[in-house]
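Q: Just passing along the structure, written as structure tokens.
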Amino acid sequence: MRPIHNSLAVLVATAGAAADRQLTEAQLDAQAKAIVDKMSLEQILGEMTQIDLSVANTAAKVDEFAQLNVGSYFNFIGMGWKGNRVTANTEEWRAKLTEMQDIHMKRNNVPMMFGIDSVHGATYVDGSVLFPQSINTAAAFNPTLAEGLGKYMARDTKAAGIPWMFGPTLDVTRHKHWPRVYETFGEDPTVVAQMGKAVIESIQKQRVAACFKHFISYSDPTTGLDRDNSELSSYEILNYFMPPFKAAVEADVWSGMGTFVALNNVPLAANELMHKGLLRGDLGFKGLMVTDFREINLLATQHKVVKTTLEAVELSMKTTSYDISMVPDDDSFIQNGKQLVAANRLPEARLRESAVRIVKLKLKLNLFDEPVPGADVLSQLGDEASQLSALAIAQESMVLLKNQDNALPLTPGKASIFLTGSSSDSIGLLCGGWSLWWQGTSLNQVFPLGASVRKAMETTLGGSDKFSFYQGFDTDGNLVDNDGKSGDLEAAKAMAAKADYTVVVLGERPYAEFKGNDDKQPLPPGFLTYVKALKSTGTKIILVLVEGRPRLLNGIADLAHAVIFAGLPCEFGGQAIVDVLLGKVNPSGRMAMTYPKTDTSINLATPYYKRTNTSCLKDGIKYECPAEWQFGDGLSYTSFHYSNATISTTALSFSSTGSNAFTVSVTVQNTGLVKGQETVLLFGTPPATRIHAETKLLKRFTKLSLAAGEANVVTFSLSHQDLGYYSNDIGKGLMKDAPSGAYTFFLKHDTDCSTSSPLCMALKWDNPDKASFMPNATDAPTIVVPHTTSSSKSLGPQSASSNPIVDNGAKSAVAATALPVSLIIGIASGAACALALMAVYIVRRNRQQQSHVCYFDDDVVVLESKEQCHDVAVAGSNQSMAFQHI
């Protein structure tokens with residue numbers, strides 16, 4: 001190893017002293033560049049190398065890699081069984097990382113950076129709360145809850161000393177056989193963008209680096225198999241797959257991850273158009289990019305576009321802007337890089353650019369000063385706040401899909417209940433993959449904070465003689481008893497015959513990534529045989545689906561009086577399921593993806609925006625595509641009535657200087673007898689004459705809480721941005737087109753505008769010059785201004801404060817520099833402000849009136865001048881304040 005420069009040692013020492021100050025991006029860039037300028041080529045290549053912890057599992061091995069200047073490590077501590085746990089606790093994590101940092105700092109004075117897959121909580125930290133999987137967070141349609149997910153999984157990951165999380169997953173689900181569906185926020189670009197943005201912002205508030213993944217197209221393998229290649233048009237890339245990454249960049253995400261696959265026969269590890277054209281160019285991403293597992297070497301070993309790993313490194317470094325290679329088990333990237341530079345096949349300047357981004361992230365994370373962060377949050381691990389946050393997501397993600405004769409909720413003490421099914425007594429099966437182990441587990445004892453459905457039911461009912469349990473069958477459909485031994489169908493039928501209701505909790509085995517490829521789309525035939533047998537006794541079947549992706553039911557749902565899609569609610573999912581079954585919680589979840597009824601390739605791969613009720617549309621041809629349930633499906637124990645749907649104008653002409661703004665409003669009333677939550681969905685449909693026309697596409701959503709009899713007027717603010725689609729050549733700058741024609745907007749996912757409906761509104765749009773326009777800085781998040789007619793409130797990201805007016809997207813909307821519409825935005829100053837009042841400010845349509853966006857600790861307001869921003873900051877004792885002229 002080349003000895004470290006004395007000047008570099010001084011620079012990194014001063015970096016630690018300055019890291020805790022709030023430096024500007026320019027200052028961070030300058031500081032990182034100053035450090036990298038003093039590095040040798042070997043040190044730079046080491047910084048760009050990431051090693052799996054499994055091959056650096058001793059101090060001696062870490063020292064070998066430290067001498068090679070390796071800059072980062074990843075993965076979990078392999079430990080086997082220790083009592084009732086299978087993963088390291090914070091003490092073990094911090095001891096390991098402290099040892100590694102001590103070795104690295106001794107060798108080269110530059111801290112290593114550790115990353116890990118914290119997928120739905122601190123996945124590999126014993127004692128932390130495991131949250132529902134992302135598909136559940138999406139089904140809740142509540143970005144506030146997504147913020148809680150990001151906050152607590154970042155905090156608990158940091159408590160282990162780990163400052164870098166590989167998440168959130170921003171892949172937009174397409175093919176429903178893909179084994180990573182449950183890791184996504186569903187199939188709608190707007191939902192994925194909003195949830196992803198909420199998670200990213202809350203992660204990074206903990207001074208932990210978020211890492212979007214997987215850029216780009218990974219979630220649409222043509223075969224449905226994990227790691228198979230994808231084929232997408234530029235329109236699909238820009239309009240369906242890009243928006244979540246755009247939202248992430250606007251949220252100032254600090255890092256991102258690529259993907260193994262090839263897009264249109266070009267591997268992402270060598271895809272210049274996607275990396276340099278779209279990500280760095282069109283989206284302006286300036287953060288760090290890391291490859292996925294062994295991604296660069298796969299250019300030679302899997303994709304066969306080059307013959308050697310030397311050529312693979314050369315090709316990837318020339319065509320992408322990857323900064324870190326997840327090698328993951330040797331120094332080959334370092335050796336190949338040295339050889340390429342020496343032969344003038346790779347410019348050293350390209351590598352130094354990456355090293356600057358790496359060191360900059362280490363500065364942002366304060367690793368020079370605190371190499372093993374998180375000691376201050378150790379005592380909070382697994383606390384009540386994180387448990388309640390996980391429970392809330394689980395509860396709000398329960399999707400009631402069928403409730404014949406109002407079978408649910410069940411009445412404790414009156415109705416006799418028989419509980420059975422493969423997933424009825426396993427917390428691990430409620431969690432799925434990426435839960436303590438990569439592939440998950442079916443065990444209970446490793447989840448001390450949670451409860452299975454059986455345990456939660458027994459606890460809630462308090463030993464009632466009207467409750468009985470029998471396992472019945474396993475995830476393969478084999479008959480089993482309560483001890484996992486060979487089961488007795490007749491015994492199960494006898495118990496069902498005595499029960500008014502039989503709750504069947506069934507679902508998948510746990511899996512992650514390609515390990516789920518081989519599972520057939522239909523559930524095992526033994527499931528149907530078992531449920532049919534129970535149904536024959538006269539009991540009423542209540543079906544609870546515990547799945548990470550839509551598995552074909554082959555008629556099981558038809559046998560049930562009620563159906564709940566539970567997804568993978570994890571540790572507190574058992575309690576959430578019981579709460580909904582017994583009416584302690586009114587279900588409010590909605591399907592975040594289509595649930596196909598057949599396993600034809602086109603049915604599995606077609607999202608809702610290319611569907612009618614029973615058909616899929618592809619290349620102008622209709623195909624029969626029956627769905628078990630549609631995107632947006634979800635029932636409640638109360639009822640909601642929509643009325644007075646209005647659009648502010650029925651005709652609008654494009655103006656390059658005016659606002660091009662309009663609103664859609666609707667009154668939503670709870671017409672039932674109990675309090676409930678309603679997700680209000682606004683869809684848009686372009687003219688049928690447009691070259692690319694979706695059958696419908698979600699434009700905005702918000703979630704309301706309404707007491708019985710209460711009503712709320714919800715107003716969605718839109719503009720020409722919502723009429724347009726991305727039409728640019730990739731790499732040439734983002735542009736939108738909105739051709740003239742009749743655009744339709746409608747409320748509720750199942751509204752049919754082909755017939756007369758009061759929830760459908762038409763807008764005649766005139767763009768005679770066919771003008772293209774740049775997208776707004778934040779055109780993806782929802783902007784909603786509810787006008788309260790009673791005490792009801794919106795459940796947007798700021799509902800945790802005292803503010804009932806601003807909901808999801810409002811903070812981003814205020815910060816946008818191109819808001820042409822008058823919005824009344826109430827900002828609650830909360831505990832951080834000494835003023836016990838709510839200030840209401842107006843973003844004026846007249847752009848001649850100067851305004852400033854004022855950013856405080858937790859709030860964003862718009863005032864006339866920066867002086868007014870300062871006055872409010874002083875009055876509210878806000879120590880952190882910035883402003884932006886608009």
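Q: Could you check how many residues of the range 500-519 are touching a residue at least 24 places away in the same chain (Cβ under 8 Å), within 29 Å of the chain's Cα centre (by Cα) and over 17 Å from residue 569 (Cα atoms)?
A: 6
Q: Please go through the range 387-409 and give me each residue that is surrounded by 21 or more Cβ atoms within 10 Å (Cβ to Cβ) and either outside the structural domain of residue 547 (by TED's automatic domain parsing) or more than 25 Å from the chain's Cα centre (by Cα) (or both), ordered by number.
A: Within the range 387-409, 408, 409 qualify.
Matching residues to (1) in the same structural domain as residue 727 (by TED's automatic domain parsing); (2) among the aliphatic types (A, V, I, L, M); (3) within 31 Å of the chain's Cα centre (by Cα); (4) more than 30 Å from residue 456 (Cβ to Cβ):
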| position | (1), (2), (3), (4) |
| --- | --- |
| 597 | no, no, yes, yes |
| 601 | no, no, yes, yes |
| 617 | no, yes, yes, yes |
| 621 | no, yes, no, yes |
| 626 | no, no, yes, yes |
| 632 | no, no, yes, no |
| 669 | yes, no, yes, yes |
| 673 | yes, yes, no, no |
| 679 | yes, no, yes, no |
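Q: Moving on to the next point. Out of the strands (runs of 3 or more DSSP E) lying entirely within the range 591-655, which hold 3 or more residues that are closer than 19 Å to residue 746 by Cβ, in contact with a Ser or Thr (Cβ under 6 Å, 6 or more places away or on another chain) and of a type outside the set (Phe, Trp, Tyr)?
A: So the answer is 640-647.
Q: Going residue by residue through the range 233-240, is there one that turns out to be surrounded by 22 or more Cβ atoms within 10 Å (Cβ to Cβ), touching a residue at least 40 places away in the same chain (Cβ under 8 Å) and of a type outside the set (Gly, Ala, Ser)?
A: The answer is yes; a qualifying residue exists.
Q: Looking at (1) in contact with a strand residue (DSSP E or B) (Cβ under 7 Å, 6 or more places away or on another chain); (2) crowded, with 23+ Cβ neighbours inside 10 Å; (3) more than 15 Å from residue 278 (Cβ to Cβ); (4) free of Cβ contacts under 8 Å to residues at least 60 places away in the same chain, find the lone condition where residue 219 falls short.
A: Unmet condition: (1).
Q: Further, regarding this structure: Which count do you get for residues in the range 591-633 that are surrounded by fewer than 21 Cβ atoms within 10 Å (Cβ to Cβ) and at positive phi?
A: Count: 2.
Q: Is it true that some residue in the range 581-601 is within 30 Å of residue 435 (Cβ to Cβ) and of a type in the set (Val, Ile, Thr)?
A: The answer is yes; a qualifying residue exists.
Q: Could you tell me which of the residues 540, 515 is among the basic types (Lys, Arg) and within 27 Å of residue 672 (Cβ to Cβ)? First the steps, then the outcome.
A: Values: 515 fails: within 27 Å of residue 672 (Cβ to Cβ).
Testing whether each residue is among the basic types (Lys, Arg) and within 27 Å of residue 672 (Cβ to Cβ) leaves just 540.
Q: Which condition breaks for residue 443 when tested against (1) part of a loop (DSSP other than H, G, I, E, B); (2) in contact (Cβ under 8 Å) with a residue 24 or more places away in the chain; (3) among the aliphatic types (A, V, I, L, M)?
A: (2)
Q: Cβ-Cβ under 6 Å, sequence separation 6+ or interchain: first residue in the range 87-103 and farther than 18 Å from residue 52 by Cα, partner surrounded by 20 or more Cβ atoms within 10 Å (Cβ to Cβ). Which pairs?
A: Between residues of the range 87-103 that are farther than 18 Å from residue 52 by Cα and residues that are surrounded by 20 or more Cβ atoms within 10 Å (Cβ to Cβ), the close pairs are 89/126; 90/159; 90/160.
Q: Within the range 72-87, can one find any residue that is modelled with pLDDT of 95 or more, in contact with a Pro (Cβ under 6 Å, 6 or more places away or on another chain) and crowded, with 16+ Cβ neighbours inside 10 Å?
A: no
The values are calculated or read from the model by the stated rules, or taken from the named source; none is laboratory data. Note that this is a predicted model, so its numbers are computed, not measured. With ideal geometry, Cβ positions are generated from the backbone for all residues, glycine too; neighbour counts draw on all protein chains shown.
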